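The structure under discussion appears below in the form of C-alpha cells.
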Amino acid sequence: MSHWLCVLVQTPAHASLGSVLSYRSESLLAPGTLVRVPLGKRETLGVVWDADAAQATGELDPGKVRDVAGVLEGITPLSANWQQLLTFTAQYYQRSIGEVALAALPPQLRELSPQQVQRRLQRVQKPPSGATPGVDTALPTLSPEQATVVSQIQSQAGPFLLFGATGSGKTEVYLHSVQTLLASEPLSQALVMVPEINLTPQLEARFKARFAPIYGEDAVVSLHSGMTNPQRLKSWLAAHSGTARIVLGTRMAVFASMPQLRLVVVDEEHDPSYKSSEGARYSARDLAVYRGRLESAKVLLGSATPSLESWHHSRPAAEGGRYVRLHMPSRIGAPPAATPDGSPPTARQAMRSTAATPDGLPLVRRVDMNHQHRNAVFSIPLLEAIKERVARGEQSMVFLNRRGYAPVLHCTDCGWKSECPHCSAFRVFHKIDRTLRCHHCGFTERVPRACPTCGNPDIAPLGRGTERLEEHVAELLADVRRPNTVSAEFPDGEPVRVARIDADTTRLKGELQSQLAAVHAGDVDVLVGTQMIAKGHDFRRITLVAAVNPDGALFSSDFRAPERLFSLLMQAAGRAGRDAALGERSEVWIQTFQPAHPLYAALKRHDYPGFATQQLLEREQAGLPPFTAQALVRAEARTQEVAQAFLNAASSAARNDMAQWEGWAPVLDQITLYPAVPMSIQRVANIERAQMLVESPSRAALQQFLTAWQAVLHATRQGPDGKGLVRWAVDVDPLAI
Ligand code: ADP
Ligand code: ZN
Ligand code: ZN
C-alpha cells in the first residue's frame, strides 16, 4: 500500500510552485525524515513534513503524484522541536518553510546519494577515542563575580543576559556552565555562538583544550560558512547523532540539529552579524531565545554592551522584564567591585567605582579637535602618546571605519568625482593597485591618468581610509626609533613597524590569522585597521587604542548608529591593557569635534547603563524599537518609479481591501504603513531600490498583518503594479533603516 506524504523542497524563490509538495511512498515515513525526491527533471533533497502543519500546494492529481526516490536511512528524523523551530522561523520572518528548512541543512546533503551519506555517517559514529569521562583537569578558580553568576545560572531558569566588562571572564563563565551541564547530564549538548568566523578558531582552541581531554577530540565541533562542505556535513552529522557534545558556530549554527540541546550561549549578543542579511533575514540571537524556550534549554546571552533590545528585556521583572540580568563589572586581575561574601563594599571600594578608571578598565581621553590644526589627522597629544608607547616597547591600535586609501577621488579644476557609473555611490581609491573600486557592486577600474571630463592631470584623493591612514602614520613616525633595539646596524634603534588589518589585507585565506599572530608576537608597534581589529581579539600588549574620527555616527540618519558606535568604542577599549600588569596605564583616545557629547561622556565613565538609559528614553519618546515593532519591505526595479509604485500599490491594497475583511479593522488600526522612499544607497549595480517601513506598537499585530499581507504583495507583484519589478522581500526587525 502506498502513502501520501508532504515533503519540503527548495523551490526557486517566489516560484508559483509552493515549497511543500506531495509525494507517494511505499512505507510510511515519519515527519523529519530526509528523503530524495524528483522535482521537474532533477532529483533533490526533501524533508518529510507534518501534513497538518503544512498546506501542500503541489499537484494533487493522483496520476501526477510522484514517488519518493530514496530515504537517507542512517539519519534519524529531525526532531519535532527542530521542525517547530523552522516553522516558526519561516512564519516570523515571512519566508517559505521549504527555503528556510533546506537552507538550514548542510549543503552537501543535497548532493550526496543515500549510500554516500551512509559512508559519511559511519566515519562520524566511530566511538570517541581515548575519552575518559570524569577526568579532572585543573580549572581556574572562579573569581567571586564569576562564582556568583555561575550559581545564578544554575539555580534559575533564565533566559540570562550576562552583562560583563571586556576581560571580566565571560568566556570562563560559558566554559564553566557548559562543563557543569555535560558532567551532570550524560547525553546533553551545548551550543555556543560567536558573531564572526574569525573568532571561532580562538574559541575552538579554548573549548578543545578544556573538553577534549574529558570527552575526546570529536566532542567539540564547529559550524560556520568558512568551512568546506565536507567539514560542515561532518560537524552537522556529529551534532545530529549526539557524538558532538558542544557545537561552536556563527549565526547559522542556531539551526543545528542537536537532539539533546540543554544550553545555548550567544557571545557578543549585540553584534549585528547575528542578523542575516539575505534570504530569510533571521536574528540568530532572537531565535536562540525562542529555541531555548521550545527545548527547555537554558539561554545565556553575553556582552559588555548589550543590544538595547536585550537590555530592555532584562529590566526588573516587576517592570515587565523577561530576562535575568547578571552583572560582572570587574576585569579579571582587578580588585573586585564588591567583597566576595556579598557584604557591602568598603568606602575605598565604593570610591573606586566612581573613579575615572573603574576596576582595571582603561582611561578614556577625549581630544577636542576644534583646538587642533584644521586638517590634522592626528592631534599632537595623541601622536606624542603613541611615541611614548613605542619608546616603552608597547603597542598602539588606531582604528578608522573606512577601508581603502580615500573614499573619493576628485578633480580640483572641474569638480569631477569618482562616482560609480552603476550605483549612487562613489568609488573608493585603492592606492596599492591604483584602482577605483565600488564597495557596493564591485565595479573596478584603473585610476585614470587625468580627469575624464576636463583632462586635468591633477586628480586628488578626498578624505581618508585605513590605507592612507597607515601611510600617514608611517610618515609621522618615520624618524622615531625603538630604543630597545639598538644594534651595530641601527645605532639609534630600529624603525617603527606599522601594520594594517582590514578586509583588503585579509582577502586570502589564512592572512588574518598570520597578521594577528604577528601582532601577538610583538612584531608590530602600531596597528591600523577597521572595526575588524576592534572585536574580540585578545591582544596582550596593546596599551593605547585610538579612534581618529568617530563623530560621523553621532549625526547619522540611522537611529541605531549611536548604539553601534558606543559598543564599537567599548569593544575597542576592551582591546587595551588586557594584560593586567599593563592595565594600569592603558588609554583609549577619542578625537572628536563634540567632546561634550553625552555618548563620549558615558564612554569616559565606562557607563553602559547610563548610555542605555538615555538612549532608551529617546527611543521611547520617538516611538522606536524596542518600544515599537518594525518591518521593512524592500523592492528592486530598473527604475525608482516602478519600485515605489509596487510598494505604494501594496500599501493601498492593505488599507482599502484588507479593511473590508471581517474582523480586520482592529488589527489594521495598529499598523502604520509609511510611504515608499528610496533606500539610502538608492542604486546598486544599475538596480533602483526602494523601501517601505511598516510599524506597530504590537508585535503580535504586526505579525498578523504581515502574514496576511504576503498574499497581497504576491498579488500586486502579478498585477500591473508589479510590471518591471525585479524582486521584493520583507525584513522583520530590520537592523538598518
Ligand atoms: P571576556 O570573555 O569577558 O572578555 P575572558 O573570559 O576572555 O573575558 O577572560 C579574560 C582573561 O582572564 C582570559 O585571559 C582568561 O583566561 C582569564 N580568566 C578568566 N577567568 C579567570 C579566572 N577565574 N582565573 C584566572 N584567569 C581567568
Ligand atoms: Zn576635471
Ligand atoms: Zn557600483
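Across the cross-link table entries LYS41/LYS275; LYS170/LYS535; LYS170/LYS387; LYS170/LYS509; LYS208/LYS298; LYS275/LYS298, which are compared at the Cα atoms, the separations over 24 Å belong to LYS41/LYS275; LYS170/LYS387; LYS170/LYS509.
Quick one: pull the percent of accessible area on the range 653-737 belonging to carbon and sulfur, 1.4 Å probe, ligands and nucleic acids left out. Could the numbers behind the result be given before it?
Numbers: 2270 of 4260 Å².
Taking all protein chains in place, the range 653-737 shows 53 percent carbon and sulfur surface.
Across the range 629-732, the relative contact order, built from alpha-carbon pairs under 8 Å that are at least six residues apart, equals 48 percent.
As a test of the definition: which semi-axes, in Å, follow for the chain when you take the square root of five times each eigenvalue of its alpha carbon gyration tensor? Largest first, please.
Details: eigenvalues 387, 245, 147 Å².
The answer is 44, 35, 27 Å, longest axis first.
Considering every alpha-carbon pair of the range 408-462, the percent of pairs per 10 Å bin, from zero through the bin containing the longest distance, is 28, 57, 15. Note on the range 144-328: with charges restricted to the Cβ of Lys and Arg (+1) and Asp and Glu (-1), its dipole about the Cα centre is near 260 debye. The distance between label points at ALA450 and ASP479 comes to 3.9 nm (points 7 Å beyond Cα on the Cα→Cβ vector).
Averaged over residues, the count of other Cβ atoms within 10 Å places the peptides 174-186, 370-382 in the sequence 174-186, 370-382, highest first. Sorted from longest to shortest, the spans of the Cα atoms of the range 462-517 along the three principal axes equal 38, 32, 13 Å. Only Cα sites of the range 629-732 enter the Debye sum here, all with the same form factor; the resulting log10 I(q)/I(0) across q = 0.14, 0.20 1/Å is -0.49, -0.95, listed in q order.
Taking amide H as placed 1.01 Å from N in the peptide plane, the amide H of PHE160 sits under 5 Å from that of VAL299, LEU300, LEU301, VAL324, each at least 5 places away or on another chain.
Give, rounded to the nearest 20 debye, the magnitude of the charge dipole that the chain has about its Cα centre when Lys and Arg contribute +1 at Cβ and Asp and Glu contribute -1 at Cβ.
Values: 76 positive and 71 negative charges, 152 e Å.
The calculation lands at about 740 debye.
If r is the Cβ-Cβ distance from ALA708 to THR672 and R0 is 22 Å, what FRET efficiency results, to the nearest 0.05?
Working: r = 16 Å, r/R0 = 0.73.
That pair, ALA708 with THR672, gives E of 0.85.
First measure r as the distance between the Cβ atoms of LEU462 and GLU618, then evaluate 1/(1 + (r/R0)^6) with R0 = 41 Å and state the FRET efficiency to the nearest 0.05. Don't jump to the answer; show the numbers that get you there.
Working: r = 33 Å, r/R0 = 0.80.
Rounded to the nearest 0.05, the efficiency is 0.80.
Give me the lysines in straight-line cross-link reach of LYS417: C-alpha distance below 28 Å, same-chain residues under 8 apart excluded. Correct list for LYS417: LYS431. 3J(HN,Hα) along the range 304-317, derived from phi through the Karplus expression 6.51 cos²θ - 1.76 cosθ + 1.60 where θ = phi - 60°, amounts to 8, 9, x, 4, 4, 4, 5, 4, 5, 5, 9, 5, x, 4 Hz, with x in place of Gly and Pro. Beta bridges assigned by DSSP with both partners in the chain are antiparallel in approximately 50 percent of cases. Using the Cβ-Cβ distance between PHE490 and ALA518 with R0 = 30 Å, the FRET efficiency computed as 1/(1 + (r/R0)^6) comes to roughly 0.95.
Each of ALA317 and THR435 was given a label point 7 Å from its Cα along the Cα-to-Cβ line. The distance between the two points is 5.7 nm.
Quantify how much of the Cα-Cα distance distribution of the range 144-328 extends past 29 Å, in percent. If you can, show how the numbers build up before the last one.
Values: 2460 of 17020 pairs.
In whole percent, the share of Cα-Cα pairs in the range 144-328 beyond 29 Å is 14.
In order along the range 104-110, the Karplus-derived 3J(HN,Hα) couplings, from 6.51 cos²θ - 1.76 cosθ + 1.60 at θ = phi - 60°, round to 7, 9, x, x, 5, 4, 5 Hz, and Gly and Pro are given as x.
The values are calculated or read from the model by the stated rules, or taken from the named source; none is laboratory data. Since this is a predicted model, take the numbers as computed values, not measurements. Note that we place each Cβ from the backbone using ideal geometry, even for glycine, and neighbour counts take in every protein chain shown. Ligands, DNA and RNA are stripped out before the accessible areas are found, and what is left, the full protein with its side chains, is counted by its heavy atoms. Shrake-Rupley method; radii C 1.70, N 1.55, O 1.52, S 1.80 Å.
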